[in-house]
Amino acid sequence: MKLASFEHNGVSGYGAVEDRGILDLSAVLRDQYPTLRAYLAAGTAVATEKARESAPLLALDTVTFLPVIPEPSKILCIGINYATHIAEAGRQTPDYPIIFVRFSESQTGHLQPMIKPQESNKFDFEGELAVVIGRGGRRIAREKALDHVAGYACYNDGSVRDWQRHSTQFTAGKNFPGTGAFGPWLVTADEIPDPSALKLETRLNGDVMQRAPTSDLVFDVPALIEYCSTMTELVPGDVIITGTSGGVGAFRDPPVFMKDGDTIEIEISGIGTLRNVVRAERV
């Protein structure tokens, strides 16, 4: 099942994405489960079939896509997690996952603009697999980790490179408003039994910039869930962004950065294509 958060006629909601449109599950379940995050916490099968019978069908072109989880409790980002990216960055393979955070306010949805901030011309793309937690916990064992996943989505962890390098921490370059795209929707875990068997591709104006199998992750999804849940309690709706592969703009010769009017796409097999147009910030 594909689940998306959206806005329709000025009202935020969530629903099941189908070829013919979006079934607005929130129109039926809002009193019990006001957000997709709350729906996932209850279990994605809860009341779904009954809700489908009476949920209104919305045409895709009548909704504005929001980030899959608009306000997660935590967005944990993993850096330097593909061998090809480690090599191009001149880094050593880390002994432990490198974790930094995003704030929910930095996100944007599918088909919405990614905002190049006025403070920088070094706005870079990073195509990534996002993991959405469905069942929380602490110290989750690797062997049980995938049981805690609600589903998967695409993420463009847009990086303002010069700000990212102001210190040894990445946070400053990762949290400008509208720089992290999350979508187009969540594909539930039952449809992706093995998240290490996916293929990721990033295209800038149609040109392939990144291409990698998720099997190349240094720390795979179970390892990340085990590690992250050791240092913090994971709760439903939390997002783990698993890292980007080689091919980012900063390490190309010459460097390639996103600019106003560019179209950037992140496609992951079994999930879909996250598409955004880049817009220069106007203040």
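The values are calculated or read from the model by the stated rules, or taken from the named source; none is laboratory data. This structure is a prediction, so every number in the text was calculated from the model and none was measured. In this analysis, Cβ positions are derived from the backbone assuming ideal geometry, glycine residues included, and neighbour counts consider all displayed protein chains.
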Inset, instruction - Give 173, 183 a once-over and let me know the one that is in contact with a strand residue (DSSP E or B) (Cβ under 9 Å, 6 or more places away or on another chain) and closer than 22 Å to residue 98 by Cβ. - result: 173
Legend entry - Candidates 261, 237, 183, 178 - the one that is in contact with a Gly (Cβ under 7 Å, 6 or more places away or on another chain), under 23 Å from residue 105 (Cα atoms) and among the small types (Gly, Ala, Ser): 183
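Look through 88, 128 and report the one residue that is in contact with a strand residue (DSSP E or B) (Cβ under 6 Å, 6 or more places away or on another chain) and within 20 Å of residue 201 (Cα to Cα). It would help to see each step written out before you state the result.
On the way: 88 fails: in contact with a strand residue (DSSP E or B) (Cβ under 6 Å, 6 or more places away or on another chain).
Going through 88, 128 in turn, the sole match is 128.
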Inset, instruction - Would you check which residues across the range 81-97 are exposed (fewer than 14 other Cβ atoms within 10 Å of the Cβ), in contact (Cβ under 8 Å) with a residue 40 or more places away in the chain and part of a loop (DSSP other than H, G, I, E, B) and list them? - result: 93, 96
Legend entry - Residue in the range 144-184 that is surrounded by the most Cβ atoms within 10 Å (Cβ to Cβ), counting only those that are outside any loop (DSSP other than H, G, I, E, B) and of a type in the set (D, E, K, R): 157
Legend entry - Verdict on residue 78 being in contact (Cβ under 8 Å) with a residue 12 or more places away in the chain, of a type in the set (A, V, I, L, M, F, W, C), crowded, with 22+ Cβ neighbours inside 10 Å and farther than 20 Å from residue 188 by Cα: yes
Inset, instruction - Could you please tell me which pairs satisfy a Cβ distance under 9 Å, a separation of 6+ or placement on different chains, a first residue in the range 46-67 that is at pLDDT 80 or above and surrounded by 15 or more Cβ atoms within 10 Å (Cβ to Cβ), and a second residue that is among the polar types (S, T, N, Q) and assigned to a helix (DSSP H, G or I)? - result: 55/26; 67/104
